[in-house]
1. With a probe of 1.4 Å, find how much accessible area region 95-205 has per residue, and write the answer as a whole number in Å².
2. In whole percent, how big is the carbon plus sulfur part of the accessible area of the chain, probe 1.4 Å, protein atoms only?
3. Could you give the distance between the Cα centres of region 139-201 and region 115-131, to the whole Å?
4. In deg cm²/dmol, rounded to 500, what helix-only [θ] at 222 nm does the chain give when every DSSP H run of at least 4 residues adds -39500 (n - 2.57) and the total is split over its residues?
5. Give the dimensionless ratio obtained when the Cα radius of gyration of region 171-221 is divided by 2.2 N^0.38 Å.
6. Give the aspartates and glutamates whose C-alpha is closer than 18 Å to that of K298, dropping any in the same chain fewer than 8 places away, or say none.
7. Cross-link list K86/K186; K91/K186; K272/K295; K90/K186: which exceed 28 angstrom alpha carbon to alpha carbon?
8. Treat every Asp and Glu Cβ in the chain as -1 and every Lys and Arg Cβ as +1, leave all other atoms uncharged, and give the resulting dipole magnitude about the Cα centre to the nearest 20 debye.
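The values are calculated or read from the model by the stated rules, or taken from the named source; none is laboratory data. From a predicted model like this one, the values you see are computed outputs, not experimental measurements. Every residue, glycine among them, receives a Cβ derived from its backbone with ideal geometry; neighbour counts consider all protein chains shown. Just the protein is used for accessible areas: all its heavy atoms, side chains included, with ligands, DNA and RNA removed. Shrake-Rupley method; radii C 1.70, N 1.55, O 1.52, S 1.80 Å.
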Amino acid sequence: MVNLNISFFNGFFLLGFSGHPLLEMTLFAIIVIFYLLTLLGNMTIIILACLDSRLHTPMYFFLSHLSFMDLCYTTSTVPQLLFNLKGPEKKITYGGCVGQLYVALSMGSTECILLAVMAVDRYAAVCRPLHYAIIMHPRFCLQLVAMTWLTGLVSSLVQTVLITQVPLCGRNIIDHVFCEVPVLLKLSCVDTTANQLELFLVSAVLLLVPLALILISYGFIAQAVCKIRASEGRQKALGTCSSHLVVVFLFYGTAIAMYLKPHSTTAQDQDKFMALFYGVVTPTLNPFIYTLRNKDMKGALRKMMGKE
């Protein structure tokens, strides 16, 4: 039974799957495993990218930042989620909800742009191999990452400030698993059409513009790969891009389904499972996709474990 002592609590109640106690127990065990794997996998990538000189390249520099984003995102949401799944108390403070909202938005927005930057890096590596070192100069890579972080942090700050200005009139029961902009807008006691339109436009820009750049980059990459006659060279080119493409499809597929789909009132549980996949499963899969399909990363891992 969920304990909702509304009279003496000024934060929010995240209902999650409170109507299904057995499902909550199952999800708790599964999410604990996924969270530990997320910490292990992403921290391993960051450590390897820093310590192994063979990985001091733009590709792994960007990858280490991607792993750091995934760590920040999951740490901002999963511990609170596990606390809510474990017992009848489904509380989160107002400050905790706003903080969770800002970090999640920041990491999601930044990752959108970073994946596009990584696609441009792959384009330069495959289509301009002779000029790659000049194009992807370390200083330029640092500037790209700084621009990526700054854009994500600033745009998310604007979104968070706007949502905190929406009057809720005492409503504090959120039928979701995380604090997110769409579910908080549902609590408002005023017309939020303008906020929803603004959210849709910002989401469309942050999702569709980088995705278009990624697709254009891989269009040129596909043309370049088709011109490579040697099968070994073709496999090497595809190997450097396949892992990134898998991550792109996972990230953008779930993000577009969450933020750009038409509003529906009949699929609340579906939205919750989609949020869990986006916020828990995807950050876990990313490091394993890169390590299992990447010879350099596997070699660095064997070296760190003393097997090389």
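1. Per residue, region 95-205 has 46 Å² of solvent-accessible surface.
2. Exposed carbon and sulfur together represent 70 percent of the surface.
3. That distance is 32 Å.
4. It comes out at -25000 deg cm²/dmol, rounded to the nearest 500.
5. 1.64
6. D52, E308
7. Flagged as over cut-off: K272/K295.
8. Computed charge dipole of the chain: roughly 1060 debye.
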